[in-house]
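Some notes on the structure that comes next.
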Ligand SMILES: NC(=O)c1ccc[n+]([C@@H]2O[C@H](COP(=O)([O-])OP(=O)(O)OC[C@H]3O[C@@H](n4cnc5c(N)ncnc54)[C@H](O)[C@@H]3O)[C@@H](O)[C@H]2O)c1
């Protein structure tokens, strides 16, 4: 029960990584507030977790919606100990085929949404004597990738936001860390599914040069979030934690160690 009696807001928890983080947090004793724009999915996740878990519909790009969400959570539970900024959107496509509107939408959700979340919970966490904010970025916040300029820009911005707020809020015992997974819910890239299916060999090769040569599971991402949310990480702030099977350590070249 690493998160016993903690109150945690998890955005984008209606499905995918956020839903698994919500489940793992509840298993560790947290009261979880499931946030998403997908109302039916979000409600279903909260129903499975059972009360005191609850769903709150909120578009994270809407500052007033954040104010009302945090107000409701404090009215109901008296505190916010943990915020997981997990909600995000993806856009795939070369830079010349990415419109300014697509770039802005990705940046609004992935960077501005997290900024507004941190802004909304800071005073409540400070009054409580501290808290833990976890920003779910991506391996794309640590390197570049073709076809992902809007998403990559937004995730580097999120990582920058984590560093700046870790420094700013550290004196209030509010920790801010970034989780950088090398995978997540395939539903996120479903809109490009047909085109991606023609690149199966290339995607396989991408996964298979890494030291641990497989895709990351959602539970493996959620377990890192549990650690960062817990008091075990009480002196850990301002860091990026890749959950990538060593992808950034270097490429494994088959046969070289047998020479
Ligand atoms: N899918 C991947 O391969 C992958 C890889 C690395 C990192 N990530 C990151 O992991 C996190 C979780 O993504 P996922 O893989 O579970 O994908 P997902 O698409 O299943 O989850 C994203 C969730 O965010 C919600 N959301 C989107 N816009 C929102 C808004 N404006 N307000 C509130 N909620 C909103 C969606 O409804 C969805 O439930 C994201 O930050 C994503 O960038 C994903």
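All of the numbers you see were taken from the coordinates with simple rules; none came from a lab. Source: prediction; values computed, not measured. Because the Cβ atoms are built from the backbone with ideal geometry, glycine has one as well, and the counts that use them run over all protein chains shown.
A few remarks follow.
- Look at 154, 162 and count the other Cβ atoms within 10 Å of each Cβ; fewest to most, that gives 162, 154.
- Mean residue ellipticity (222 nm) of the chain, computed from DSSP H runs ≥ 4 via -39,500 (n - 2.57), nearest 500: -13000 deg cm²/dmol
- Cα long-axis angle, helix 39-49 against the chain (0 to 90 degrees, to the nearest 10): 70 degrees
- Taking the Kirkwood radius as Rh and the Cα radius of gyration as Rg, segment 11-62 has a ratio of Rg/Rh equal to 0.94.
- Within segment 161-248, the percentage of alpha carbon pairs spaced more than 17 angstrom apart rounds to 59%.
- For segment 146-192, Kirkwood radius (reciprocal of mean inverse C-alpha pair distance, Å): 12.7 Å
- Radius of gyration, Dmax [segment 30-138; alpha carbons; angstrom]: 15.2, 49
- Scattering curve values for segment 81-190, log₁₀ I(q)/I(0), Debye with Cα scatterers, q = 0.15, 0.19, 0.23, 0.24 Å⁻¹: -0.62, -0.91, -1.20, -1.27
- Exposure proxy ranking, count of Cβ atoms within 10 Å, fewest first, for 77, 208: 208, 77
- Calculated diffusion of segment 88-142, Stokes-Einstein form, Kirkwood radius summed over Cα pairs, 20 °C and 1.002 mPa s, µm²/s: 162 µm²/s
- Scattering profile of segment 100-259 at q = 0.09, 0.11, 0.16 Å⁻¹ [log10 I(q)/I(0), Debye over alpha-carbon scatterers]: -0.35, -0.51, -0.98
- If both residues of a DSSP beta bridge must be in segment 7-242, then about 0% of such bridges are antiparallel.
- Helix 16-27 and the long axis of the chain differ in direction by around 50°, with both axes built from C-alpha atoms.
- Likely footprinting exposure, 172, 219, fewest C-beta neighbours within 10 Å first: 219, 172
- To the nearest ten degrees, helix 218-229 and the longest principal axis of the Cα atoms of the chain are 40 degrees apart.
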